[in-house]
1. Residue check, Asn41 against (1) surrounded by 13 or more Cβ atoms within 10 Å (Cβ to Cβ); (2) under 23 Å from the mean Cα position of the chain (by Cα), all met but one. Which one?
2. In this structure, is Leu210 crowded, with 18+ Cβ neighbours inside 10 Å, in contact with a Phe, Trp or Tyr (Cβ under 7 Å, 6 or more places away or on another chain) and aliphatic (A, V, I, L, M)?
3. State yes or no: is Leu205 of a type in the set (A, V, I, L, M), closer than 23 Å to Ala6 by Cβ and in contact with a Gly (Cβ under 6 Å, 6 or more places away or on another chain)?
4. So is Ala151 in contact (Cβ under 8 Å) with a residue 40 or more places away in the chain, closer than 22 Å to Ile34 by Cα, among the hydrophobic types (A, V, I, L, M, F, W, C) and surrounded by 16 or more Cβ atoms within 10 Å (Cβ to Cβ) or not?
5. Restricting attention to the range 241-257, and to residues there that are free of Cβ contacts under 8 Å to residues at least 24 places away in the same chain and not polar (S, T, N, Q), which single residue is surrounded by the fewest Cβ atoms within 10 Å (Cβ to Cβ)?
6. Please determine, by comparing only the residues of the range 258-283 that are part of a helix (DSSP H, G or I) and small (Gly, Ala, Ser), which one is surrounded by the fewest Cβ atoms within 10 Å (Cβ to Cβ).
7. Exactly one condition in (1) assigned to a loop (DSSP other than H, G, I, E, B); (2) within 13 Å of the chain's Cα centre (by Cα); (3) of a type outside the set (Ser, Thr, Tyr) is not met by Ile185; state its number.
8. Of all helices (runs of 4 or more DSSP H) completely enclosed by the range 61-147, which ones contain at least 1 residues that are loosely packed, with under 15 Cβ neighbours inside 10 Å and among the polar types (S, T, N, Q)?
Amino acid sequence: MAKNDAPLSVRGLCKKYPAFTLDSVTFDLTPGAITGFIGRNGAGKTTTLNAILSFIKPDGGEVLFSGLSMADHAAEIKQKIGFVSAGMAYYTGKKLKTITDVTRAFYPAWDGAAYQKYMGRFGLDESKTPASLSNGMKIKYALALALSHGAELMLLDEPTSGLDPVSREELIEIFLALKDEGKTILFSTHITSDLDKCADRILFLQKGRLTADSALNDFIGAYRLASCAGGVPEAAAPCVLGTCRTKDGCTALFKQADAERLSLDCRQPDLEEIMVHLEKEGA
């Protein structure tokens, strides 16, 4: 895919802090797909999103939205982006209708019919205040606002964090429905089980560096997990990518080719198991 065809194209994005460096992050988003952005807390996911959205000034790199730079086309781009974060705050005592009226003033392309459609779909009542909403309903309200100004690209920063399993499942179904409508979604989270259900691609950030960018099935399929009751076999030790303690010994992560070559008794890991084992090795 050519860079200009990507809803979001990031090239060599850098940001340096005294104790952390976002190091030359580069990726493109696939149109109409859900891309999971994973990494442990502190890996740089939120820093990346903040730099993409110009909330912070990066020290280097380029960010393009369908080939356009934020610096030269901010008004046009902001009409097409929806940003939703679990940490978003509203005036807790104001009615949703009042907040909506203020928000609408910033978007010339505001679609009142779309707003009413999403408010109804998400079961939201304009007479309520943010203080009366659950965390899940607050996320749904933020989505309704973003989708009402024609957002085609959704940037989601930990939207399911802190939610109960039922609320998380409801949001996953909403994200899949938005994908069906042709929306492109970048879904940053450390709750990898949510991505098992909805993601097409995976970006894996470790200590500020992007270490994986691939289709979800390809990423998961590249690994195998072995249960080792008596410890990792000596012959297999050089190929271990990471281990985790269990009641009876440990589990060890291997590349698929190494597991087959060593004739290990392995199974297919899920996304969380891969991430945990790789992070344990790099800790």
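1. Just one mismatch for Asn41, condition (1).
2. yes
3. So Leu205 fits the description; yes.
4. Here the answer is yes, as Ala151 does meet what is asked.
5. Taking the candidates together, the pick is Lys247.
6. The extreme case among them is Gly282.
7. (1)
8. 96-104, 112-121
Read-outs throughout are calculated quantities, based only on the coordinates presented, and are distinct from any laboratory measurement. From a predicted model like this one, the values you see are computed outputs, not experimental measurements. Backbone-built Cβ (ideal geometry, glycine too); neighbour counts: all protein chains shown.
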